[in-house]
Structures are given as structure tokens and as C-alpha cells.
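For reference, the structure discussed in these notes is given below.
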Amino acid sequence: MKKIVKISPHIEPRMWGKGKRLREEFHYETDIEQLGEVYNVVALPGHADCKIPEMNCTLSELYVDHPNWFECETDQLPIRVNILDPDEDLSIQIHPDDSFAKEYNGGRGKPEAWVILDAPEDGYIEFGHHAKSKEEFIEWTKNKKWDKLLRYLPTPINGFIDIPTGTLHAIGKKVLTYNISRNADLTLRLYDYDRIDPSTGKKRDIQPQFVYENVNLPDKMIEFEMYPAAHEFGCDVTRYWDEPGLYTLIRIHVKKQGKFLHERFAFYTCVDGEGTINGISIRKGETVLVPSHMGWMHFNGNMDLFLASYRNEKEN
């Protein structure tokens, strides 16, 4: 029988995660000291896999055992959601495309997108590059001419940015983001500031040669976009992205009461406030799974929710 269930987050230590916001404001309870990233939705068996206490299983197991909850064409859950709150800049990196990922580790490429939840006035992300050719990209990298190579963007709160595979990128310190991506895990680092990983006492591995082969040249020069909200059935609804075979991302603000209909499965993550979804409590930091074809969702409370979902490639 289909029902709404809560998803327990998967958490791993991050060397750049030294802040308190995820613990104190988002209510994530963990013994991990270096808390900078939380996987609200991930289902990579044997690697990173959220748990569903009510069902006594992992998310990847639920996906296999209850396919009618998802109705997807993919062997694994197709999407991933995480919230990042780094206390230091992330490494300069890319995620390669499907063809490279399949050959490299048998996985898939990881296109993704971010929404800025909060940022300091001088907040930034590294996004893209200024090289006009592969030769120039390599030359500037080898000579550490980062001021010439790297492209930085200010971070508008509530701004959305699309990150196709091959895009050079890094979230800057103190920039809080909601991230959606394909359920994959392959990162190629170009530069990590020569910092030492305290868990190993060594520098982290970088893969510049693979970055040279997979970075977008020329850069696509993508910018942040600010999407308007539409008032629908008591909710302010922002529709960011809806691409079959990739992901669907919608934001829903509820001030008192509202309702929303989404026939595909949906992971609702609360990034502010608290309330209920069809009588199930949810507060800031929590995620619930609504299986497909559950009908109208009725909201009560003051909540800022992100809806992450997926449509099969053959769907219109």
C-alpha cells in the first residue's frame, strides 16, 4: 500500500564543513563534526543510501521492492537531492557526461542545478572559465593563472543556475544551496587549493588530465536566473525545471493552507518553516517521499518546500 514516508538523510564528513547552520537551523543530528553537506535523497547501494525507518529499508531497496511507488524506466532511482553549507570554498571541479562516466566507473554523468537559499553580501560561486581553447585552458592551469582562467559569479538569493555536464564549478564559502542532480557520483577535480585533508594528512587527489578532456570548451557562459512564482490553490509555486529523463524541480511556498497536485512521485524537502502534508508533519531540514498517483497534497502551516521528481524520457 502506498503511503507518505519520511526519508532519513545520509551524511558524510566534509573537510570544508565546519559551520553550525545545518545542525542548529536544519535540525540534522549527527556525530559527524565536519558537517557541510546532507544528502536528503540519495540511493547508491553500498555507497550512499538514505534510510526509511518506517519501512525498515534503504531508499535503493524501496525503489527495487516497490516499483509502483516510482514508475520509472531506470534501474536505480534517477534523482538525487542535497543541501550544502560549506565553510570553505569547494574544489574547482566538473562532472563528466554519460559516455565518459560509463567507461571510467560504470556510472552516469551528473548534470545538476542549484538554488541559492542564503549567501553573504559578497558571496560567490566559481562557474565556468575564460579560456578560448584547450591549449589556453591547459597553459593557464599548469601555470596557476587562476585569475585569468576562473569565472566567478555573485550569488543572488533564490537564484537558480543550471549546471550541464562538463561545466567547471565550485560553491563558495558560506553559500547555502539546495541541489538537485542525477543520482550519480563522479567528480573530477581541477584544483583544490593545495589544502591538506585532515583525515589523511595528505592533499586530495586531483584529475586535471581528465578535466582537460571533459570540460566544456568554449564555456557556455551560463548565468543565474530568477524565476517568478505563480499563485496556485493557496501556494506560491515556482517551476524551475522539467526535463524528461533528467529531473523536475518545483518550489512551493505555503503561508497557511494550500494544495498541490503532482501525479509523479515526489520528494518534498522543507528548507524553512514547518507544517503538515496530508497530515504528515514536516519541518525545516526534513524530506518526505510521496509515491506516484497519491492525488492532491494538502498543506497546512508556514513552509518553504522543494519538490524533486522525475519524468521518464518517453513522457510528453
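Summary table
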{"item": "Tally of residues being under 20 Å from Ile4 (Cβ atoms) and either among the small types (Gly, Ala, Ser) or free of Cβ contacts under 8 Å to residues at least 40 places away in the same chain (or both) across segment 232-259", "result": "4"}
{"item": "Any pair with Cβ under 6 angstrom, 6 or more apart, that starts in segment 1-20 at a residue that is farther than 22 Å from Pro45 by Cα and ends at one that is basic (Lys, Arg) and part of a loop (DSSP other than H, G, I, E, B)", "result": "none"}
{"item": "Answer from Ile222, Ile250 - the residue that is more than 29 Å from Glu24 (Cβ to Cβ), out of contact with any Cys (no Cβ under 9 Å at 6 or more places or on another chain) and not assigned by TED's automatic domain parsing to the domain that holds Ile125", "result": "Ile222"}
{"item": "Single residue of segment 279-307 satisfying the filter (among the polar types (S, T, N, Q) and within 24 Å of Val42 (Cα to Cα)) that is surrounded by the fewest Cβ atoms within 10 Å (Cβ to Cβ)", "result": "Ser281"}
{"item": "Selection from segment 188-203 of residues that are in a loop (DSSP other than H, G, I, E, B) and within 22 Å of the chain's Cα centre (by Cα)", "result": "Asp192"}
{"item": "Test: residue in segment 36-46 that is surrounded by fewer than 21 Cβ atoms within 10 Å (Cβ to Cβ) and in contact with a Lys or Arg (Cβ under 8 Å, 6 or more places away or on another chain)", "result": "no"}
{"item": "Of all residues in segment 148-185 being outside any strand (DSSP E or B) and among the charged types (D, E, K, R), the one that is surrounded by the fewest Cβ atoms within 10 Å (Cβ to Cβ)", "result": "Lys148"}
{"item": "Qualifying residue in segment 61-69 (condition: within 22 Å of Gly273 (Cα to Cα) and buried (at least 20 other Cβ atoms within 10 Å of the Cβ))", "result": "no"}
{"item": "Which listed residue is closer than 30 Å to Glu25 by Cβ and modelled with pLDDT under 95, from Ser199, Ser91, Ser181", "result": "Ser199"}
{"item": "Count of residues meeting criterion [in contact with a Gly (Cβ under 9 Å, 6 or more places away or on another chain) and either outside any strand (DSSP E or B) or in contact (Cβ under 8 Å) with a residue 12 or more places away in the chain (or both)] in segment 279-296", "result": "3"}
{"item": "Some residue of segment 113-122 being β-branched (Val, Ile, Thr) and farther than 20 Å from Tyr240 by Cα", "result": "no"}
{"item": "Complete set of residues in segment 123-170 that are without any contact (Cβ under 8 Å) to a residue 12 or more places away in the chain and not basic (Lys, Arg)", "result": "Glu135, Glu136, Glu139, Trp140, Asn143, Asp147"}
{"item": "Any hit, segment 239-258, residues being at pLDDT 95 or above, of a type outside the set (Lys, Arg), farther than 24 Å from Leu168 by Cβ and touching a helix residue (DSSP H, G or I) at 6+ places or on another chain (Cβ under 6 Å)", "result": "no"}
{"item": "Condition met for Phe127 (buried (at least 19 other Cβ atoms within 10 Å of the Cβ) and farther than 21 Å from Gly17 by Cα)", "result": "no"}
{"item": "The one condition in (1) modelled with pLDDT of 95 or more; (2) under 26 Å from Asn105 (Cβ atoms); (3) touching a strand residue (DSSP E or B) at 6+ places or on another chain (Cβ under 8 Å); (4) of a type in the set (A, V, I, L, M) that Leu217 fails to fulfil", "result": "(3)"}
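The values are calculated or read from the model by the stated rules, or taken from the named source; none is laboratory data. It should be emphasised that the depicted structure is a prediction, and the values quoted were computed from it without experimental measurement. All Cβ positions, even for glycine, are placed from backbone atoms using ideal geometry, and neighbour counts span all protein chains on display.
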